[in-house]
Amino acid sequence: MAPCLSIFFLFIVTFCVTLTAAAAGHYSLQTFFPRPAYQSLIKHAKTPKPKLPFKTRYFPQTLDHFSFHPKSSKIFYQKYLINTQYWHKGAPIFVYTGNEGDIEWFAANTGFMLDIAPKFRALLLFIEHRFYGESMPFGKDSYQSAKTLGYLNSQQALADFAVLIRSLKQNLSSEASPVVVFGGSYGGMLAAWFRLKYPHIAIGALASSAPILQFDKIIPWSSFYDAVSLDFKDVSQNCYEVIKGSWAELMAISNQKQALAELSKAFRTCKSLHSTASVLEWLWTAFVYTAMVNYPTEANFLKPLPAYPVQQMCKIIDKSPSGATRLTRAFAAASLYYNYSQTENCFEVEHEVDPHGLHGWHWQTCTEMVMPMTCSNESMFPPSGFDYKKFAEQCRMKYGVLPRPHWITTEFGGERIEKVLKRFGSNIIFSNGMQDPWSRGGVLRNISATIIALVTEKGAHHIDFRAATKDDPDWLIQQRRQEVENIQRWLDEYYVDLRHA
């Protein structure tokens, strides 16, 4: 999910930048919204699926859970992954509430659930979100128009999870098995909302890097990009200043007659550029996503990256030759994100593929997932505001629909969300790492004895969900230990209540 550009996601997320070149050759920064990783990528690539210890199943899911029109009862097949290796009847069921992408991608990057399954004798269930991966209600026509995409929203997704979980428990003859839901980024939002909406189905939720406060005016709109900038500034003031100054150099080049040819050469593009705006987005994406996944160990979530990649980017900038321009230094740093593996001879700046099928997020941000973001003067990105009218018009032109910017806070709680959680919720862990810019939209303090915030200063985007490694720092080991202890407490209380029922 991202703003001045916008995973969440959320990212995670997810980022979108709209730039127009005026006749004078200057950029007009318009609308910025969160988008999932690879949102800027325009092709869907068929990449080999990772080998995972799950069986793949398909559930006959109802198209529309909330109306009784003839079309409502249409069935589509929703994909899910299941692992029963350690499970026995009556033992817990751990469910990952799938987010904006194919479910194997999330299963491959949520090794934490596999790590703790033996301890709890848990069944693991990863449910794919409707309209992503193979879970297409209308097959190849699912993205055809608003008539089909109208069934893509968070409420339908939550109901999908509820129906599938209940059916699975019945088929397993284990309706007493307690359910704990897990989710990261948008999936973390879904996990927290699921616990609030369906407390009779899930006894608890672990919501990692879930920016549930990123709506309306609950937090300052500049929070996300201020946080990205701070990640770089904390490493090196020079690094921050170089990136901040690179945009002006890019805009200056864009005014030149041979701008596209010059930039194509400087950025080693595989194909000649058609727009200088794509260069800005290419750079922007690299810096934002690197801040999100500033993990303390090597990882391959969005891209293959080294440990602490923000530090590595700044090292590239700080050690550049004295005569190098700011834009050249920024390019060298961004190249780490796109080519750490040293396998790319050129860069697909405008035509990189989308290996995880995340384009449904465009629709979601144009309907209910409206997360206004701006860039302040403190940001290392060009200052910008948020113009809802322009944003809404873009959505109307693309889909024929208008956003509902206040729907999420109406449905799940707005500025008083903490009071809603305190009064109606329990057994929710909100985990956030302050290196992750999405953490600014997350719950960062305990709300009650049973709705707790686990905050780590050096944590990044749902790092706690990654599989444990021998190189994990002590603070991460401790964070996961606290999560396990809380889940154990929820289960102990559940089984005590079950025996006394």
Enumeration of residues in region 184-239 that are of a type in the set (Ser, Thr, Tyr) and open to solvent by 10 Å² or more (accessible area, probe 1.4 Å): TYR198, SER222, SER223, SER236
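How many residues are of a type in the set (Lys, Arg), open to solvent by 60 Å² or more (accessible area, probe 1.4 Å) and either in contact with a helix residue (DSSP H, G or I) (Cβ under 9 Å, 6 or more places away or on another chain) or part of a strand (DSSP E or B) (or both) if we restrict to region 56-97? So that I can check it myself, show each step before the final result.
Initially, region 56-97 is screened for residues of a type in the set (Lys, Arg), giving 57, 71, 74, 79, 89.
Now narrow it down to the ones that are open to solvent by 60 Å² or more (accessible area, probe 1.4 Å): 57, 71, 74, 89.
This time we only want the ones that are either in contact with a helix residue (DSSP H, G or I) (Cβ under 9 Å, 6 or more places away or on another chain) or part of a strand (DSSP E or B) (or both), so: 57.
Summing the residues that are of a type in the set (Lys, Arg), open to solvent by 60 Å² or more (accessible area, probe 1.4 Å) and either in contact with a helix residue (DSSP H, G or I) (Cβ under 9 Å, 6 or more places away or on another chain) or part of a strand (DSSP E or B) (or both) in region 56-97 gives 1.
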Residues (assigned to a helix (DSSP H, G or I) and surrounded by fewer than 16 Cβ atoms within 10 Å (Cβ to Cβ)) located in region 252-277: ALA252, ALA261, GLU262, LYS265, ALA266
So is PHE131 at pLDDT 95 or above, among the hydrophobic types (A, V, I, L, M, F, W, C), assigned to a strand (DSSP E or B) and open to solvent by less than 10 Å² (accessible area, probe 1.4 Å) or not? no
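When you check PHE386 against the structure, is it hydrophobic (A, V, I, L, M, F, W, C), within 19 Å of PRO220 (Cα to Cα) and not in a helix (DSSP H, G or I), yes or no? Before the answer, list the steps.
Details: hydrophobic (A, V, I, L, M, F, W, C): yes; within 19 Å of PRO220 (Cα to Cα): yes; not in a helix (DSSP H, G or I): yes.
Yes, satisfied.
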Can you find, within region 68-121, the residue that is farthest from ARG166 (Cα to Cα) among those that are at pLDDT 95 or above and of a type in the set (Lys, Arg)? LYS119
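Would you please name the residue that is modelled with the highest pLDDT, looking only at residues in region 350-373 that are open to solvent by 20 Å² or more (accessible area, probe 1.4 Å) and assigned to a loop (DSSP other than H, G, I, E, B)? Break it down into steps so the answer makes sense when it comes.
Of the residues in region 350-373, the ones open to solvent by 20 Å² or more (accessible area, probe 1.4 Å) are 350-353, 355-356, 359, 362, 367.
Then keep just the ones that are assigned to a loop (DSSP other than H, G, I, E, B); that gives 350-352, 355-356, 359, 367.
Values: GLU350: 90, HIS351: 74, GLU352: 66, PRO355: 70, HIS356: 71, HIS359: 82, THR367: 98.
Filtering first and then ranking leaves THR367.
Search region 475-501 for residues being open to solvent by less than 30 Å² (accessible area, probe 1.4 Å) and charged (D, E, K, R), and hand back the single one that is farthest from ALA453 (Cα to Cα). Outline the logic, then answer.
So the first thing to find is which residues in region 475-501 are open to solvent by less than 30 Å² (accessible area, probe 1.4 Å), and the list is 476, 479-480, 483-484, 486-487, 490-491.
Now drop any that are not charged (D, E, K, R), which leaves 480, 483.
Details: ARG480: 13, GLU483: 10 Å.
Across region 475-501, the extreme among qualifying residues is ARG480.
Kindly indicate which of ALA157, ALA162, ALA176, ALA192 is of a type in the set (Gly, Ala, Ser) and within 15 Å of the chain's Cα centre (by Cα).
Working: ALA157 fails: within 15 Å of the chain's Cα centre (by Cα); ALA162 fails: within 15 Å of the chain's Cα centre (by Cα); ALA176 fails: within 15 Å of the chain's Cα centre (by Cα).
ALA192 is the lone residue from the list that is of a type in the set (Gly, Ala, Ser) and within 15 Å of the chain's Cα centre (by Cα).
Is there a residue in region 303-325 that is within 21 Å of the chain's Cα centre (by Cα), aliphatic (A, V, I, L, M), closer than 30 Å to GLU415 by Cβ and open to solvent by 20 Å² or more (accessible area, probe 1.4 Å)? Break it down into steps so the answer makes sense when it comes.
Here is the first cut: in region 303-325, the residues within 21 Å of the chain's Cα centre (by Cα) are 303-310.
Within this subset, residues satisfying the condition of being aliphatic (A, V, I, L, M) are 305, 307, 310.
Still in the running and closer than 30 Å to GLU415 by Cβ: none.
For region 303-325, residues within 21 Å of the chain's Cα centre (by Cα), aliphatic (A, V, I, L, M), closer than 30 Å to GLU415 by Cβ and open to solvent by 20 Å² or more (accessible area, probe 1.4 Å): absent.
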Matching residues, region 170-183, being open to solvent by less than 30 Å² (accessible area, probe 1.4 Å) and out of contact with any helix residue (DSSP H, G or I) (no Cβ under 7 Å at 6 or more places or on another chain): SER174
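The values are calculated or read from the model by the stated rules, or taken from the named source; none is laboratory data. Since the structure is predicted, the reported quantities are computational estimates derived from the model, not experimental observations. A quick note on method: Cβ atoms are made from the backbone with ideal geometry, for glycine too, and the neighbour counts reach across all protein chains shown. Only protein heavy atoms, including side chains, enter the accessible area calculation; ligands, DNA and RNA are left aside. Shrake-Rupley method; radii C 1.70, N 1.55, O 1.52, S 1.80 Å.
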